[in-house]
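Visitor: After the structure tokens below, expect a handful of questions from me.
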Amino acid sequence: TRTPTGLDMLKKPAGGNWQAPVVVDRTTYTDKQWIMGDPDPQGISPYAGYLYMSWTDVGTSRIVFSRSTDSNGSWSSPPLNLASSGVQGSIPGVAPDGTVYVVFGRNIFYGPSPGTIEFVKSTNGGASFGSASVAANITAIPWNIPNPFGGTNFRSPASLPAFAVSPVDGNLYVAWADYRHGDADIYFTRSTDGGATWDPQIRLNDDPIGNGIDQIQPQVSVAPNGRVAAMWFDRRLDCPDEPWIPPAHVGLSNACIDTFMTRSFDEGQTWVPNIRASAQTWDWTLNLPWTGSSGFIGDYQGIASNDEVDFPFWNATANLGENAENYQEVFVAP
């Protein structure tokens with residue numbers, strides 16, 4: 001029997017010290033908690049400074065939500081139930097007018113099988129939400145994608161959604177890994193009307209369709225000026241003949257991993273050719289972290305953007321001079 005997991009938040013005021021943790025929740029078995037504040041970029045939100053947190057209660061398979069209206073002084077309790085049954089991977093986002101969105105996946109594990117990326121919406125600062133709507137129908141990727149190395153494997157892990165809201169016009173941007181062509185691709189859709197309608201889905205990775213190469217675990221960000229960027233793990237490059245690659249793995253395709261990204265300068269309508277962000281192609285079998293029967297890579301890599309620069313960050317076993325043991329470490333490439 002699972003017991004509740006503590007979920008707290010710590011705050012560091014500008015120019016001050018870290019404050020004591022404040023309890024967010026003690027009633028759920030917490031997984032994949034994400035937080036978003038209302039930065040009020042245009043000075044029009046009635047909920048400026050509110051804090052929003054969503055997470056999965058894996059004990060009951062629910063997406064739940066709590067908010068703080070007093071700058072982490074306290075959090076609403078009990079958490080709101082946003083969705084249940086086969087749901088995971090929620091991410092909150094806030095539009096310039098203060099509208100709150102939470103995007104999550106349903107039936108996105110153990111594919112290839114049909115799943116959905118869904119969202120809920122609040123127009124009263126997270127006090128309540130409408131019912132869930134579908135942003136995208138998808139084909140979920142397998143829990144373990146093909147592994148030319150044999151033996152050990154890592155969890156993919158599923159078609160967890162990536163989500164960001166434009167601080168310029170409130171456009172909603174969603175990406176995920178999809179298996180409709182028999183390998184994992186990064187797909188994307190957007191809404192320009194607050195989720196009322198969603199554009200036709202487009203494929204962000206620009207290698208040939210159905211080539212048996214997997215792209216997984218995307219993340220999305222929007223710069224203050226509205227530029228959109230997306231990053232993901234990509235296996236299009238064969239394992240190189242380099243000292244950090246085990247000799248038996250050299251030359252294998254759809255095996256080792258890089259980080260690729262792309263950018264859109266027209267609000268997600270068109271995208272520049274894919275850009276390789278990683279300096280080294282890395283071998284995920286080296287010092288693979290294990291929990292039970294699952295090897296772990298990723299889940300929590302991401303991307304952040306300012307007006308000039310995008311900052312994808314990810315984990316890898318690469319050695320750029322200080323990782324001779326090839327453990328997973330965190331890398332960033334502006």
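The values are calculated or read from the model by the stated rules, or taken from the named source; none is laboratory data. Please read these numbers as outputs of a predicted model, since none were measured by experiment. Counting neighbours? That spans all protein chains shown, and the Cβs are built from the backbone with ideal geometry, glycine included. Note: accessible area is taken over every heavy atom of the protein model, side chains too, but ligands, DNA and RNA are not part of it. Shrake-Rupley method; radii C 1.70, N 1.55, O 1.52, S 1.80 Å.
Visitor: What are the semi-axes of the equivalent ellipsoid for the chain, taken as the square roots of 5 times the Cα gyration tensor eigenvalues, largest first, in whole Å? Present the calculation step by step, with values, prior to reporting the outcome.
Guide: Numbers: eigenvalues 210, 100, 85 Å².
Whole-Å semi-axes of the equivalent ellipsoid: 32, 22, 21.
Visitor: Counting only heavy atoms of protein chains, what accessible area per residue, in Å², does the stretch 83-222 have with a probe of 1.4 Å? Display every interim value, and only then the final one.
Guide: Working: 4360 Å² over 140 residues.
Result: 31 Å² of accessible area for each residue.
Visitor: Per 10 Å bin from zero, what fraction in whole % of the C-alpha pairs of the stretch 1-149 is there, up to the bin with the longest pair?
Guide: P(r) for the stretch 1-149, in whole percents per bin: 11, 36, 32, 16, 5, 0.
Visitor: Let me ask something else about it. In the chain, carbon and sulfur make up what percent of the accessible area (probe 1.4 Å)? Could the numbers behind the result be given before it?
Guide: Details: 7310 of 13900 Å².
Exposed carbon and sulfur together represent 53 percent of the surface.
Visitor: Here's a follow-up. Once phi is turned into θ = phi - 60°, what whole-Hz ³J(HN,Hα) does the Karplus curve with 6.51, -1.76 and 1.60 give for every residue of the stretch 74-79, x standing for Gly and Pro?
Guide: 7, 10, 4, 8, x, x
Visitor: Principal axis extents for the stretch 260-334, Cα atoms only, whole Å, descending order, please.
Guide: That gives 43, 30, 20 Å along the principal axes, largest extent first.
Visitor: Heavy atoms only, probe 1.4 angstrom, no DNA, RNA or ligands counted: give me His181, His249 ranked by accessible area, highest first. Present the calculation step by step, with values, prior to reporting the outcome.
Guide: Numbers: His181 75, His249 30 Å².
Of His181, His249, the descending order of accessible area is His181, His249.
Visitor: Which residue fluctuates the most in the chain, going by a Gaussian network model with Cα springs under 10 Å, if the choices are Val100, Val309, Val228?
Guide: In this elastic network of the chain, the residue with the biggest mean-square fluctuation among Val100, Val309, Val228 is Val309.
Visitor: So, one more: In units of 2.2 N^0.38 Å, what is the alpha-carbon radius of gyration of the stretch 63-113?
Guide: Details: Rg = 13.8 Å, N = 51, 2.2 N^0.38 = 9.8 Å.
That works out to 1.40 for the stretch 63-113.
Visitor: So, one more: Which one of Gln19, Gln301, Gln33 has the biggest mean-square fluctuation once the chain is modelled by GNM with Cα springs under 10 Å?
Guide: Gln19
Visitor: While we're looking at this one, here's another question. Taking the Cα centre of the stretch 235-319 as origin, work out the dipole magnitude from +1 charges on Lys and Arg Cβ and -1 charges on Asp and Glu Cβ, in debye rounded to 20.
Guide: Numbers: 4 positive and 11 negative charges, 56 e Å.
Using only the charged Cβ atoms, the result is roughly 260 debye.
Visitor: Taking the Cα centre of the chain as origin, sum charge times position over the Cβ atoms of Lys and Arg (+1) and Asp and Glu (-1), and report the length of that vector in debye to the nearest 20. Please report the intermediate quantities before stating the final value.
Guide: Numbers: 18 positive and 33 negative charges, 198 e Å.
That gives the chain a dipole magnitude of about 960 debye.
Visitor: Which listed residue (Val58, Ser90, Asn147) has the Cα farthest towards the positive end of the charge dipole for the stretch 45-157, taking +1 on Lys and Arg C-beta and -1 on Asp and Glu C-beta about the Cα centre?
Guide: It is Asn147, whose Cα lies furthest towards the positive end.
Visitor: Only Cα pairs within less than 10 Å get springs; with that Gaussian network setup on the chain, which residue of Pro92, Pro46, Pro167 has the largest fluctuation?
Guide: Of Pro92, Pro46, Pro167, the most mobile in the Gaussian network model is Pro46.
Visitor: Then there is this: Name the longest site-free stretch of the chain, where the excluded sites are GluC sites (Glu not before Pro) in a DSSP loop with no more than 16 other beta-carbon atoms within 10 Å. Write out the running numbers ahead of the final one.
Guide: Values: sites that count: Glu308, Glu322, Glu325.
Answer from the scan: 1-307.
Visitor: Sticking with this one: Along each principal axis of its Cα atoms, how long is the stretch 203-334 end to end? Whole angstroms, biggest number first, please.
Guide: 44, 32, 31
Visitor: Any idea what the dipole of the stretch 1-77 comes to, in debye rounded to 20, about its Cα centre with Lys/Arg Cβ at +1 and Asp/Glu Cβ at -1? Before the final figure, lay out the partial values.
Guide: Numbers: 7 positive and 7 negative charges, 38 e Å.
Using Cβ point charges on Lys, Arg, Asp and Glu, the stretch 1-77 gives about 180 debye.
Visitor: What are the ³J(HN,Hα) values, in whole Hz, obtained from phi via the Karplus relation 6.51 cos²θ - 1.76 cosθ + 1.60 with θ = phi - 60°, for each residue of the stretch 131-142 in sequence order, with x given for Gly and Pro?
Guide: My calculation for the stretch 131-142 gives 6, 6, 10, 8, 8, 7, 8, 9, 10, 5, 7, x Hz in order.
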